[in-house]
Amino acid sequence: MIRRQFLARALSAAAASLFARSAFAQHDAHSMHKMSGMDDMGDMDMSGMPSMSAHQAAKPATAVLAAPDALPAGAPLATLRTLANESREPGVFRATLIAQPVKRKLLPGKPSTTFWQYDEGNHPGSANARVTQTEGPVVGPLIDVREGDTVEIRFVNRLPQASTIHWHGLPVPPDQDGNPSTPVASGASHVYRFTLPPGSAGTYWYHPHPHMMSAEQVFRGLAGPIVVRSADDPLAGWPERHLFFSDLKLASDGVIPPNDMMDWMNGREGQFVLVNGARRPRIEIAKDERWRLWNGCSARYLRFSLGDERHFAQVGTDGGLLEQPRDGLTELLLAPGERAEVIVRAGANPSRAVLSADVYDRRKMAMSHGSLPPDPVRALADISFNPPPGASARELPATLRPVAPLGTAVAKKSVVFSEQMDMVAMHGPKASAGHGNTHGSTMPAGMTFMINGQVFDPSRITFTSRRDEVELWSIENRADMDHPFHLHGTQFQIVERGWGGAFTPEPYRAWRDTVNVRPDEIVRIATVQRMAGERMFHCHILEHEDLGMMGTLKVV
Ligand code: C2O
Ligand code: CU
Ligand code: CU
């Protein structure tokens, strides 16, 4: 099999398909004029698509980045803000989330950085100000709810462009799920409403999902965690800690730069990985703890480790607890979008460890033939274990909860990921400036990310499924780099993974909504949709999703 397929395709074909899709973004183009009040947007390309000047097209696409230690490290891990429930009715969670530009002073002596962030509606000071100066983490507030709750969230869009809120992993009705087909215009608001069914306890998140603008909105800071709790959680009494990982690319002048060609091709990775909004925080542990981990990065894979000697247990995946703890782990890979619950032990004696992201080769591409080397090990947080004298390990229940098999599939679906790189177009003079979306970011020419040979078309239904019918989906990666598959509206079970014709049954049953698929790998999942309507499925490297590695599932 040919490892790298760089096709010197006709430039016109690639340009035509990109132009066709960029037309869908143009309905937002007028809103960019509202951006003029925002001072640090000044060096972005505001010219829009039709009249790109030669001067702008010639600007270097890659910003000079701030030093990797430019952000302070070593502060105690910030506690995530919790979204307050405005409702007094039992079983109803009601709140307002405002997406808005927010300024934060990050680099000494440099202008402040404008993030886009979710804030609580009643938060003092946020109600009227268009651009709010804040301290503290930019992670969206934690939505902490229970099975059975009816959740009603008013979304106020104070961004300069359309957006949506997608409830990643939750079984919400399709018309409440923030699909790209239901944008909330700049300046508008919308109420999302759904009820959390029994069995939905787990670790989820929310983020924007507008057509072709999800990557930008997330890398500017829009994402937040959700925890759904059950009444009979066997680990309810354990001290719980939340680590929401996000990625930040920051220019040396404090600006969050638009994507360059490499960001589009491999997915954006910044020089900073933030934990609850801060670089390399410090965590002190006195007792055994339950951790929830969110990989909220656009494209970065996190292969967690506490060092070779230090074991931890995984107790949950995206969709909640496993049947039994998986103890004795020394590493755990979370692809972009994935979550996990783990048990971290305080130990018997004081000690220290570094929570790190170990080397993982996701086969990132170079702009010429071949792959980039994987990133080196990266420290994410420093942990000190300070158990009281004589402390002993807390017993973990042998059984956490049943995870029933979904049953026999009555239908099949086949998803194939593929890529095409047009080297001529990618290196052409307009490679990264050919098509703008609403402002700043531009869609690149020459790279195509496909599902079943086609880029996403909002008017096309990729698959049709029947409600309540269990299906076996096979997801095959015929591309050259890893792509994390994500399906909306449900949790699925991995059945088996295939490699070179040999399939290995998944060793344990778990609920997931995101699964990594390596090049040449086939992952088979059992899945069922409970509600009629349209669902998205896509690669969760958000640049790939925006570039069209997405399909629509119609449930009838
Ligand atoms: Cu986390 Cu379709 O998204
Ligand atoms: Cu999702
Ligand atoms: Cu991808």
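Determine whether segment 483-504 contains at least one residue that is hydroxyl-bearing (Ser, Thr, Tyr), in a strand (DSSP E or B) and more than 16 Å from ligand 3 (Cβ to nearest atom). Yes, segment 483-504 has at least one match.
Taken together, VAL227, VAL218 contain a single residue that is within 25 Å of TRP511 (Cα to Cα), in a helix (DSSP H, G or I) and either in contact with a Phe, Trp or Tyr (Cβ under 6 Å, 6 or more places away or on another chain) or modelled with pLDDT of 95 or more (or both), which is VAL218. Evaluated against (1) among the small types (Gly, Ala, Ser); (2) at pLDDT below 95; (3) open to solvent by 10 Å² or more (accessible area, probe 1.4 Å), ALA532 falls short on exactly one condition, (2). Restricted to segment 330-382, and to residues that are among the hydroxyl-bearing types (Ser, Thr, Tyr) and within 24 Å of ILE541 (Cβ to Cβ), which residue is least open to solvent (accessible area, probe 1.4 Å)? Result: SER356. Counting only residues that are free of Cβ contacts under 8 Å to residues at least 40 places away in the same chain and not in a loop (DSSP other than H, G, I, E, B), segment 383-421 holds 0 of them. With respect to MET550, is the statement that it is within 16 Å of ligand 2 (Cβ to nearest atom), modelled with pLDDT of 95 or more and crowded, with 24+ Cβ neighbours inside 10 Å true? The answer is yes for MET550.
Filtered by the rule that a residue be modelled with pLDDT of 95 or more, among the hydrophobic types (A, V, I, L, M, F, W, C) and surrounded by 21 or more Cβ atoms within 10 Å (Cβ to Cβ), segment 121-155 gives VAL139, ILE143, VAL145, VAL151, ILE153, PHE155. One residue alone among ASP247, ASP253, ASP233, ASP327 is farther than 25 Å from MET447 by Cβ, assigned to a strand (DSSP E or B), touching a residue at least 40 places away in the same chain (Cβ under 8 Å) and away from ligand 2 (no atom under 16 Å from the Cβ), and that residue is ASP327. One residue is enough: does segment 187-198 have a residue meeting the conditions farther than 21 Å from SER87 by Cα and surrounded by 17 or more Cβ atoms within 10 Å (Cβ to Cβ)? Within segment 187-198 (the criterion being farther than 21 Å from SER87 by Cα and surrounded by 17 or more Cβ atoms within 10 Å (Cβ to Cβ)), the answer is no, since none of the residues qualifies. Here LEU248, LEU293, LEU274, LEU243 are screened, and the one residue that is hydrophobic (A, V, I, L, M, F, W, C) and in contact with a Ser or Thr (Cβ under 7 Å, 6 or more places away or on another chain) is LEU274. Selection over segment 470-510 of residues that are open to solvent by 40 Å² or more (accessible area, probe 1.4 Å) and within 16 Å of ligand 1 (Cβ to nearest atom) gives a count of 0.
Of all residues in segment 339-377, those satisfying the criterion of being outside any loop (DSSP other than H, G, I, E, B) and within 23 Å of ASP318 (Cβ to Cβ) are ARG339, ALA340, GLU341, VAL342, ILE343, VAL344, LEU355, SER356, ALA357. Restrict the check to segment 392-414 and report whether at least one residue is under 22 Å from LEU547 (Cα atoms) and away from ligand 1 (no atom under 16 Å from the Cβ). Among the residues of segment 392-414, at least one is under 22 Å from LEU547 (Cα atoms) and away from ligand 1 (no atom under 16 Å from the Cβ), which makes the answer yes. Is there a residue in segment 526-549 that is under 16 Å from the mean Cα position of the chain (by Cα) and of a type in the set (S, T, N, Q)? Within segment 526-549, not a single residue is under 16 Å from the mean Cα position of the chain (by Cα) and of a type in the set (S, T, N, Q).
The values are calculated or read from the model by the stated rules, or taken from the named source; none is laboratory data. As the structure is a computational prediction, the values presented were derived from the model and not from experiment. No Cβ is skipped: glycine too gets one built from the backbone with ideal geometry, and neighbour counts run over all protein chains shown. Surface accessibility is based on the protein's heavy atoms, side chains included, excluding ligands, DNA and RNA. Shrake-Rupley method; radii C 1.70, N 1.55, O 1.52, S 1.80 Å.
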